[in-house]
Amino acid sequence: LEGKVQLQVELGITQADAIIFVVDAKTGLIASDEEVAEVLRSSNKPVVLAVNKVDSINQPGQTADFLRLGIGIPIAISAYHNLGIDDLMESVTALLPTTTGNPTQQADVKLSIIGRPNVGKSTLLNTLLGTERAIVHDAPGTTRDAIDVIINWNNKKISLIDTAGIKRHSKISSGIEFYSLIRTVQSINRGDIAMLLIDATEFITVNDLHIANYITEAGKSLVLIVNKWDLIPKAQQQQFKLYMDQRISFMAYVPILYISAKLKIKTSRVLATAYKVWEGRQILQSDSDVDMVIKQAFESHPPQRVGTKQLHIFKAHQDKTNPPTFVLEVNNPELSYTAYQRYLKKQLRSAFSFTGSPLNLIFIRFRNKKMRKLKESKA
Ligand code: GDP
């Protein structure tokens with residue numbers, strides 16, 4: 001349980017733009033406050049320190065102790081009595097970034113290489129850098145030591161995210177595993193495509209699958225790389241591939257590469273695959289093509305009834321790219337269910353090439369023009 005809570009905290013920190021750290025005035029400063037403060041300080045995220053359960057805001061003595069945490073001036077609040085909340089929110093909003101996303105995007109394809117320590121990330125990076133011309137630069141708007149490398153591949157710019165982090169991973173001790181996970185999640189979030197490396201001699205672990213899931217849920221494309229393939233005897237390779245296909249059967253659309261980063265076997269496929277996956281993320285299919293695929297899918301396999309009602313799809317189109325997002329106009333969005341969504345995604349995949357990318361389906365209620373006009377005139 002502790003591990004799970006910790007994971008939630010780590011993900012929470014990574015995904016936040018700013019953090020409110022709440023401590024308890026009644027208990028005073030305790031050891032775990034200092035532990036959390038240390039984690040927050042190294043997260044490089046803006047933090048506001050709120051001292052809760054201060055019943056009289058004008059008693060500065062109650063918060064002074066918390067200055068020792070080293071994360072700024074404590075703000076006294078009482079969540080129960082609704083005191084000090086305006087001050088708190090003012091401090092928080094002042095810290096929020098004014099722009100979202102990365103305005104100084106310098107590379108075409110943003111790629112993160114991730115995986116457990118010793119799977120061969122640094123070796124792969126060096127192999128990729130050895131064969132291609134690369135420039136190193138500091139990534140704008142990220143932690144000070146996040147270094148991205150831009151590779152010129154077939155006149156396309158491919159940016160390898162957070163290569164400093166990759167190097168540090170190899171000297172990891174369990175004590176700082178925590179920070180390495182934060183870094184992994186940050187790299188995933190900054191990229192479009194994540195290349196998840198696994199060590200062929202260790203098979204794929206539950207943690208690898210968790211990370212794979214996280215990548216997909218974050219809307220990023222995934223390529224699985226089985227490294228150290230040179231250590232698997234020829235006679236066992238076919239069986240290994242079958243095992244891999246089974247293990248990730250729930251993500252059958254994810255490409256799997258079998259390489260040896262050290263011996264440079266099949267490593268040329270790494271960037272080629274990344275680029276192909278990225279291209280798939282960028283394509284906007286025409287409205288009519290998408291509509292046709294979805295309607296054919298519906299006709300050849302209509303959805304099951306939910307109670308007495310059944311989902312009807314009136315119109316479909318691709319709304320966005322990167323990741324591909326589709327809008328389906330239906331009679332009632334609540335009548336769509338997971339298995340049917342999975343089926344529709346499968347049909348979209350077999351019609352178009354979205355290798356490695358998760359697909360988003362958004363169901364909205366269909367309103368025909370007549371109804372819409374009627375509504376507008378009433379409004
Ligand atoms: P990282 O911690 O993921 O960056 O892993 P490293 O790149 O430092 O590699 C860990 C160890 O695995 C090193 O001793 C590498 O030489 C070795 N290694 C990496 N790739 C391969 C490979 O393809 N085959 C073999 N046999 N060893 C490899």
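What follows draws every value from the coordinates through simple rules; no lab data is involved. What you are looking at is a predicted structure, and each value in this text was computed from that prediction instead of being measured. With ideal geometry, Cβ positions are generated from the backbone for all residues, glycine too; neighbour counts draw on all protein chains shown.
Model label points for R365 and L209, set 7 angstrom from Cα along the Cα-to-Cβ axis, are 3.9 nm apart. How much net charge surrounds L231 when only other residues with a Cβ under 12 Å from its Cβ are counted (Lys, Arg +1; Asp, Glu -1)? Charge balance near L231 sits at 0. With respect to the cross-link table entries K228/K346; K228/K345; K110/K320; K157/K262; K110/K346, which display a Cα-Cα separation exceeding 22 Å? Over 22 Å apart, Cα to Cα: K228/K346; K228/K345; K157/K262; K110/K346. With R₀ fixed at 51 Å, the C-beta to C-beta distance from Q310 to K26 puts the FRET efficiency at about 0.35. With a cut-off of 19 Å, note down the residues of segment 14-53 whose backbone N falls inside the zone around a label point 7 Å from the Cα of N82 toward its beta carbon. Label zone hits: 52-53. Projected label points at S249 and Q237, each 7 Å from Cα along the beta carbon direction, are separated by 2.5 nanometres. If Lys and Arg each add +1 and Asp and Glu each add -1, what is the summed charge of the other residues whose beta carbon sits under 12 Å from the beta carbon of T201? Cβ neighbours under 12 Å give a net charge of -2. Going from the fewest other Cβ atoms within 10 Å to the most, the residues Y340, Y80 appear in the order Y80, Y340. Just add up the charged neighbours of I188: K/R +1, D/E -1, any other residue whose Cβ is under 11 Å from the Cβ of I188. Net of charged neighbours comes to +1.
Largest first and in whole Å, the equivalent-ellipsoid semi-axes of segment 174-287 read 23, 20, 14, each the square root of five times a Cα gyration tensor eigenvalue. Once backbone amide H atoms are built at 1.01 Å from N, F326 has D319, N360, L361, I362 as its partners under 5 Å, excluding neighbours fewer than 5 places away on the same chain. Near D55, no amide H atom lies under 5 Å from its own; only residues 5 or more places off or on other chains count, and H is placed 1.01 Å from N.
The calculated FRET efficiency for E34 paired with D108, based on their beta-carbon distance and R0 = 56 Å, is about 0.80.
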